[in-house]
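Quick notes on the structure that follows.
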Amino acid sequence: SCDRFTQLDSEILNYNYAFLSLGWNPYDTHLSIPQDSMMIAFLDKGGNLYLEGGRFYKHDPVTMLRERMRVEGDSYAWYNPADTISGIEGTPVEGIQFDYLRDGIKGENLIALEPAVPWLIDKNTGLYFTVALDSGSYRTIASSVEFGGTYMFNSLERPEMIRRYLNFLGYNTNPL
């Protein structure tokens, strides 16, 4: 079961898992300083986070949440948008491959800062679009591609990809 919210508030602290979408250019949202602090409190209590967002990863100044997720954005992807994306060998998404058909062309090449690791790479440009972190006390997945823009081919389907994301975040998917 899950709950859906259209507003980020302290209710998030009652959950162990959060899937947060900040939207896409030109309709993307940035976290306010209190919201950013609230998401840090969520991670501090052992919450696990999937965060999908465009310019959030590049926006200055660096937010505490981005620092905790150990990821930065690089606008190289604005000129080389994601096209055919594949799971990197040795990661939970190995074997996943999809065309990325998005609403907008702007995205972020995500730079994993240790100990975070990249998970999804564009085969044509070598740019990264998903980065994950297992900190030991919380786990995060940062994505600059919209899950709804994934069109699988010669690969496992979307339910398998979300199953792998959930397993990484520590959610029991048996049965999903």
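On the accessible surface of the chain, probed at 1.4 Å, how many percent belong to carbon and sulfur atoms? Solvent-exposed carbon and sulfur of the chain make up 50 percent of the total. Spin-label model, Y17 to F5: label points 7 Å out along the Cα-to-beta-carbon direction sit 1.7 nm apart.
The calculated FRET efficiency for the pair E94 and I162, based on their C-beta separation and a Förster distance of 22 Å, comes to about 0.90.
For V71, the residues whose modelled amide H falls within less than 5 Å of its own, excluding neighbours fewer than 5 places apart on the same chain, are L113. Bridge orientation summary for the stretch 1-130: considering DSSP beta bridges with both residues in this region, about 70 percent are antiparallel.
Here Rg and Dmax of the Cα atoms in Å was calculated from the structure, and among [x] 21.7, 65; [y] 21.9, 71; [z] 15.1, 43 it sits at label [z]. Helices in the chain, meaning DSSP H runs of at least 4 residues, each add -39500 (n - 2.57). Divided by all residues, the mean residue ellipticity at 222 nm is -5500 deg cm²/dmol. Think of the chain as having a plus end and a minus end, set by charges on the Cβ of Lys, Arg, Asp and Glu; of F19, W119, Q97, F19 sits farthest toward the positive end of this dipole.
The values are calculated or read from the model by the stated rules, or taken from the named source; none is laboratory data. The model shown is predicted, which means the values in this text are computed figures rather than measured ones. Using ideal geometry, Cβ is built from the backbone for each residue, glycine included, and neighbour counts are taken over all protein chains shown. Calculation scope for accessible area: heavy atoms of the full protein, side chains included, ligands and nucleic acids excluded. Shrake-Rupley method; radii C 1.70, N 1.55, O 1.52, S 1.80 Å.
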